[in-house]
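Before any comments, here is the structure.
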Amino acid sequence: MGAVVALDALLHERRVWRGQPASLPAGRQPTGYPALDAVLPAHGWPEAAMTEVLPAADGCGELRLVWPTLARLTQAGGRVVLVAPPYVPFAPAWQAAGVVLRQVQVVQAATPRDALWAAEQCLRSGSCAAVLGWPAQADDRALRRVQLAAETGQALAFAFRPPAAACNPSPAALRIAIDARPAQLRVLKCRGGNAPAQPLPFAPA
Amino acid sequence: MRWICILLPHLALDGVLRSRADPAAPLVLVGGPAQRRVLLAANPAARARGLRAGQPLAAAQAISRDFVAIDHDPAEAAGWHRFLGAWAYGFSSQVSLQYPGALLVEIGASLSLLGPWPRLEARLRRELTALGFRHRIVAAPQPAAARVLANAHDGLALPGVEAMRRALAQMPVERAGLPREVATACARMGLVRLGQVLALPRESIARRFPAEVLRHLDAVTGDRVPALESYAPPDRFDARIEFGFEVTATPALAFPLKRLTADLAAFLAGRDGGVQRFVLQLEHAGAAATEVPVGLLSTERDAAMLLEMARVRLERVPALAPVQALRLVAHELPAFVPAHRELFDERPQQTLPWPQLRERLRARLGDAAVHGLRSRADHRPERAWQPEDEAGRTPPAAASPRPGWLLARPLPLREAVAAILAGPERIESGWWDGGDVRRDYYRVATAAGPQAWAWRPAGEDGPLMLHGWFA
């Protein structure tokens, strides 16, 4: 650690936690949900980092949560890669959500190990704006690799994991659980600030 | 300085050496009839042991037994000659392989792009050394003069005709490319330098010597330049490396594979093309060769990338039988279009462009592993999307909402239904193409919370089939 690090940069990267909340610049990766942006310390997704989404069950809103972001990224010309999605991404619905399908690539992987490798390659390459993965049984080490790859490639990484994973610690910069009933979002962890105590309503449209 | 001659004094030996893992080991090329095998060439390590070209093999074995003797194959040497012609074709459109063991390359037109000459010469030497061929380079205004001067010089560059004539005049007669008996006759007449021969009256040369002597001298001085046969690059690449032993492990194939892919890249750069599909053939003793096809989505010619793709595919070949030779065949050599790059990259850390990343993923995960997403104008959910990159017209959005997740095939809905939110929506289509569908779709809220897209056959009252999630 011989490098000189500016204090401002450290604070803005949310690596150093300050007791007094300071006014931080507006996030460059808004989630598309103003209520969620308001409670997150970065006012959006943590940049160049992994976000863990823990839906209570398949289909309880994980796509609704990321669609506005994917639509914004693909419309800006960024590439979005889905690594081993659990179901077929149904193109008409993604299109209706505003996602530019031309910028979406799907990678099929036979084994969880291949899926993690593919996700890491995509993140590290720097040619993807966001990479979405569904690691079922990923250990801390694998997730840390993904997190580091996201930092290297300056990309958004979304890991969708089963709700049971909430008990284990994770290197993700942001962890959001989606409850189905009542439909709400719970921020479990956010780097650079206290997780809000109150859940956010997240009712389907 | 319009022509260069690249003389390859050890073409056959270098061609053999470059396919061997240890080029520094003593090695000789032998030829001649079976009763009297003669050494044709020896590498430096073999010469250090006292082996010389021209020795009978028996005499060489009496001197040292610690060397490898390889049969000289003129066809193989000719193959290397053609390969280097393909390489030189990258520098000039006029390449001639007419003189054995030498390349004649017209560079007058290429100098403004690749020059000045010292830089081009350094590049030629660097690439030839990387390919593993020893060489001598001479640049001169006339091709035949360059060829003759390369017999005695290396690195000579003659800008004008006067300098060329002076240099030619200093050439010894026995190295001037004249027939041996003519050179001997000149020496007996006291003609030592080529300048003395050139100073003779034409009539006396014509009277004393065969007609080709005068033709050769005219070509060398540039008085009458014969047409050269131009090299035309072939439309396929086929290279093969034979091992002296059997290879059983994939890592041992890495070195020959690197050679082959580097040769392929040099060949492609020469004809300004790319490759989209090539085949690696692993030849076994007494069995059919294993073929490993390597397919790329776009044309490529980067040596490092070709090697990586080939290596990853090779690693996926199960249970390798002992391999005796490795062969690389490429038939489809389409035009190469370099990737479009922005002058000011928005993402400076963009280390690996998407096409290369896609090839890397496909190489490890399979050819069909990476695909795009496209929506189609079809009411049937199974046919309303396609795993390919979007092209053409995008259909208008459906009137009613569609789920983000679709199940690959419908399953019975096991979750308890709390409420029906929308439906039925009748989807009835496809009687003309065999994929007949008659279904009533409902958007239902399950008791657990998620909303499902489920159907039952039209007009019936059976159990619901789950077909998607409104995630």
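The values are calculated or read from the model by the stated rules, or taken from the named source; none is laboratory data. Bear in mind the structure is a predicted one, so any value in this text is a computation, not a measurement. Reconstructed Cβ throughout: ideal geometry from the backbone, glycine too, with neighbour counts over all protein chains shown.
What the table below lists for this structure:
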| quantity | calculated |
| --- | --- |
| Residue in segment A:163-175 that is of a type in the set (D, E, K, R) and either within 14 Å of chain B (Cβ to nearest Cβ) or farther than 17 Å from A:LEU54 by Cα (or both) present | no |
| Residue that is modelled with the lowest pLDDT, among those in segment A:163-205 that are in a loop (DSSP other than H, G, I, E, B) and among the polar types (S, T, N, Q) | A:ASN194 |
| Single condition B:GLU425 does not satisfy, out of (1) within 13 Å of chain A (Cβ to nearest Cβ); (2) crowded, with 16+ Cβ neighbours inside 10 Å; (3) of a type outside the set (A, V, I, L, M) | (1) |
| Evaluation of B:ASP272 against (1) free of Cβ contacts under 8 Å to residues at least 40 places away in the same chain; (2) at positive phi (one fails), failing number | (1) |
| Members of segment B:7-66 found to be in contact (Cβ under 8 Å) with a residue 40 or more places away in the chain and within 26 Å of B:GLY155 (Cα to Cα), listed by number | B:LEU7, B:LEU8, B:PRO9, B:HIS10, B:LEU11, B:ALA12, B:ASP14, B:GLY15, B:VAL16, B:LEU17, B:ARG18, B:PRO23 |
| Some residue of segment B:265-279 being over 18 Å from the mean Cα position of the chain (by Cα), at pLDDT 80 or above and not in a helix (DSSP H, G or I) | no |
| Residue selected from segment B:395-410 under the condition at pLDDT below 80 and within 7 Å of chain A (Cβ to nearest Cβ), by the criterion farthest from the chain's Cα centre (by Cα) | B:ALA398 |
| Qualifying position, being in contact with a His (Cβ under 6 Å, 6 or more places away or on another chain) and crowded, with 20+ Cβ neighbours inside 10 Å, among B:LEU128, B:LEU158 | B:LEU128 |
| Pick from segment A:180-198, criterion within 14 Å of chain B (Cβ to nearest Cβ) and over 22 Å from A:GLY133 (Cβ atoms), ranking: surrounded by the fewest Cβ atoms within 10 Å (Cβ to Cβ) | A:PRO182 |
| Qualifying positions in segment B:326-370 - facing another protein chain (nearest Cβ under 7 Å), at pLDDT 75 or above and either under 18 Å from the mean Cα position of the chain (by Cα) or within 23 Å of A:GLN154 (Cα to Cα) (or both) | B:LEU352, B:PRO353, B:TRP354, B:LEU357, B:ARG360, B:LEU361, B:VAL370 |
| Residue ranges of strands (runs of 3 or more DSSP E) in segment A:87-162 with at least 1 members within 17 Å of B:GLY372 (Cβ to Cβ) | A:104-107, A:130-133 |
| Residues of segment B:230-257 classified as β-branched (Val, Ile, Thr), buried (at least 16 other Cβ atoms within 10 Å of the Cβ) and not in a strand (DSSP E or B), total | 1 |
| Entirely in segment B:1-79, the strands (runs of 3 or more DSSP E) that have 2 or more residues that are farther than 23 Å from B:ARG125 by Cβ and in contact with a strand residue (DSSP E or B) (Cβ under 7 Å, 6 or more places away or on another chain) | B:27-31, B:38-42, B:68-71 |
| Candidate set: segment B:451-471, residues that are touching a residue at least 24 places away in the same chain (Cβ under 8 Å), part of a loop (DSSP other than H, G, I, E, B) and closer than 15 Å to B:ARG414 by Cβ; chosen: the one farthest from the other protein chains (Cβ to nearest Cβ) | B:PRO463 |
| Exclusive hit being on the phi > 0 side of the Ramachandran plot and either under 36 Å from the mean Cα position of the chain (by Cα) or at pLDDT 85 or above (or both), set B:GLY222, B:GLY177 | B:GLY177 |
| Single residue of A:VAL88, A:VAL83, A:VAL66, A:VAL106 found to be under 23 Å from A:PRO163 (Cα atoms) and facing chain B (nearest Cβ under 7 Å) | A:VAL88 |
| Residue satisfying all of: in segment B:292-326; among the β-branched types (Val, Ile, Thr) and closer than 21 Å to B:ALA265 by Cβ; surrounded by the most Cβ atoms within 10 Å (Cβ to Cβ) among these | B:VAL294 |
| Residues being at the interface with chain B (Cβ under 7 Å from one of its Cβ atoms), surrounded by fewer than 24 Cβ atoms within 10 Å (Cβ to Cβ) and small (Gly, Ala, Ser) - total across segment A:111-127 | 2 |
